[in-house]
Amino acid sequence: MASSKLLLHFVLLALIACGAVASDPSPLQDFCVADKDSPVRVNGLPCKNIKDVKVDDFFLAANLDKPMDTTLNKVTSNVTLINAMKLPGLNTLGISMARIDYAPRGQNPPHTHPCATEILTVIEGSLYVGFITSNPDNKFFDDVLAKAF
Ligand SMILES: *[C@@H]1O[C@H](CO)[C@@H](O)[C@H](O)[C@H]1NC(C)=O
C-alpha cells in the first residue's frame, strides 16, 4: 500500500514536472506591416493586407548619422525617432530606435516607456539619466550616469 502511494506521488510529480516545461508560443504571423491608413485602432497598428506589403515597408533611409538641430526648442535636444509609424515593418516587433542630440545642458523631458526596454549609447560626452520609481525611499535609481569611454 505504501509503495503504491509512493508510486502515485512519483507519477504526480512527473506530471507536474512535465507541465513546467514550456516555451514561447509560436508567432501567429511572420510579420505585421503597419497599416497606417486603417481607421481601426487596436493596441498598436493593424496589419496591412499581405498583398499590399512592399519592400519599402522594411527600409528607411534615415539620417541617424547626422546631428540634428538642437537650437529650435527650449529643452535644446532633438529626438529622431524610428518606430512603426516611420518604418511599418517594425509593427508588433516591439522595436524602435532613436537618436537624441543634446546641446550642452540639453534635456529630454520626463517621459515613460510602458512595457518597453531602453538601452542608451552615449557617443560623445556625458549624460545624466534618472529613473523615477514609485518607492520614494529608493535612492538607488535616482541618478545614473551614462558616459562615452
Ligand atoms: C530637429 O532638427 C531638424 C533639422 O536638423 C529640424 O528640422 C527639426 O525641426 C528639429 N526638431 C526639433 C523638435 O527641434
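Read-outs throughout are calculated quantities, based only on the coordinates presented, and are distinct from any laboratory measurement. Computed from a predicted structure; not experimentally measured. Every residue, glycine as well, gets a Cβ built from its backbone with ideal geometry; the counts of neighbours run over all protein chains shown.
Shown here is the pair-distance distribution of segment 27-146: with all Cα-Cα distances grouped in 5 Å bins from zero up to the longest one, the shares run 2, 9, 16, 17, 16, 13, 12, 9, 5, 1, 0 percent.
Using mean Cβ contacts within 10 Å as the protection proxy, how do 53-60, 104-111 order, highest first? Walk me through the numbers on the way to the answer.
Details: 53-60: 12.4, 104-111: 9.8.
Going by the mean number of other Cβ atoms within 10 Å, highest first, we get 53-60, 104-111.
Derived scalar couplings between HN and Hα for segment 99-109 equal 10, 10, 9, 10, 6, x, 6, x, 9, 10, x Hz in order, rounded to whole Hz, by the Karplus curve 6.51 cos²θ - 1.76 cosθ + 1.60 (θ = phi - 60°), x for Gly and Pro.
For segment 34-50, putting each phi into the Karplus relation 6.51 cos²θ - 1.76 cosθ + 1.60 with θ = phi - 60° gives couplings of 4, 9, 5, 8, 5, x, 6, 10, 10, 6, x, 10, x, 6, 5, 4, 4 Hz, in residue order, rounded to whole numbers and with x for Gly and Pro. Distant-in-sequence amide contacts of residue 82, defined by a placed amide H-H separation under 5 Å and a gap of 5 or more residues or a different chain, comprise 97, 98, 99. Derived scalar couplings between HN and Hα for segment 83-91 equal 9, 5, 5, 9, 10, x, x, 7, 3 Hz in order, rounded to whole Hz, by the Karplus curve 6.51 cos²θ - 1.76 cosθ + 1.60 (θ = phi - 60°), x for Gly and Pro.
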